[in-house]
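Everything on this sheet refers to the single structure shown next.
The values are calculated or read from the model by the stated rules, or taken from the named source; none is laboratory data. Since this is a predicted model, take the numbers as computed values, not measurements. Don't worry about glycine lacking a Cβ; one is built from the backbone with ideal geometry, like all the others, and counts go over all protein chains shown. Heads up: the accessible areas ignore ligands, DNA and RNA and are worked out on the full protein's heavy atoms, side chains in. Shrake-Rupley method; radii C 1.70, N 1.55, O 1.52, S 1.80 Å.
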Amino acid sequence: EQLAKDDFKRLWGTNFLANLSVETSDYVFPNGVVGKIVLYDMEERERVKIVDYQGSKNIDRTKIAEQLKEKGIELRLDSFLDENTLHRVDAVLAGMMAEKGFTNAEIKHAVTPVAGGPKLVNVTFSISEGPKLRIRDIEFVGNQAFSDRTLARKMKENKAQKGLIFMTLFRSATYKEDRYEEDAEKVSAFYR
């Protein structure tokens, strides 16, 4: 009985199974000896057949793969489907879109079974960009020692779109929420 329980734990620990049960029944051999039949009933988890990203031209598959690898997330073909991994990929995609200025991007994933394949699914991530946030103007309140312009020059990532057309080509006017804290710290450090 203990061996069967240990086997159950090892099988479940592989993370390959969606369902597992153990049944035992008595069996009488032709020579009269009574034995047990141990039946492991298992159902394998779904496997990923295709991973697709739809809806955004702003991030490409190679950049997504790089980001996922950097974060230690594996979502590859023929791997077992894991809902936690799908949510982590959603978060990575949302972060990548925010970096491009689409902080209101909506990321959804859909899992659809593949016809004719046992336990095979396609995973599709749909990216809805929403409006791109741009910085029109940066205003500093309460500064007396330095002008707005001097303080704005200390910010590296979040800059306003001002000046001549050829000058704005070299400056980002896209709001980068994840870099805002860094820029605010640069202004504070300048004051210190």
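Residue-level analysis places residue 9 among those that are open to solvent by 90 Å² or more (accessible area, probe 1.4 Å) and not in a strand (DSSP E or B).
If you go through segment 94-137 and pick out every residue that is assigned to a loop (DSSP other than H, G, I, E, B), free of Cβ contacts under 8 Å to residues at least 24 places away in the same chain and crowded, with 16+ Cβ neighbours inside 10 Å, you end up with 0. Summed over segment 10-59, the residues that are touching a strand residue (DSSP E or B) at 6+ places or on another chain (Cβ under 9 Å), closer than 30 Å to residue 106 by Cα and either free of Cβ contacts under 8 Å to residues at least 40 places away in the same chain or among the hydroxyl-bearing types (Ser, Thr, Tyr) (or both) give a count of 3.
Might you let me know whether segment 19-33 holds any residue that is assigned to a loop (DSSP other than H, G, I, E, B) and within 30 Å of residue 130 (Cβ to Cβ)? Checking segment 19-33: not a single residue is assigned to a loop (DSSP other than H, G, I, E, B) and within 30 Å of residue 130 (Cβ to Cβ). Being assigned to a loop (DSSP other than H, G, I, E, B), in contact with a Lys or Arg (Cβ under 8 Å, 6 or more places away or on another chain) and under 22 Å from residue 114 (Cβ atoms), is that true of even one residue in segment 58-77? For segment 58-77, residues assigned to a loop (DSSP other than H, G, I, E, B), in contact with a Lys or Arg (Cβ under 8 Å, 6 or more places away or on another chain) and under 22 Å from residue 114 (Cβ atoms): present. Taking the conditions exactly as written (at pLDDT below 85 and open to solvent by 60 Å² or more (accessible area, probe 1.4 Å)), does residue 41 satisfy them or not? Criteria not met by residue 41.
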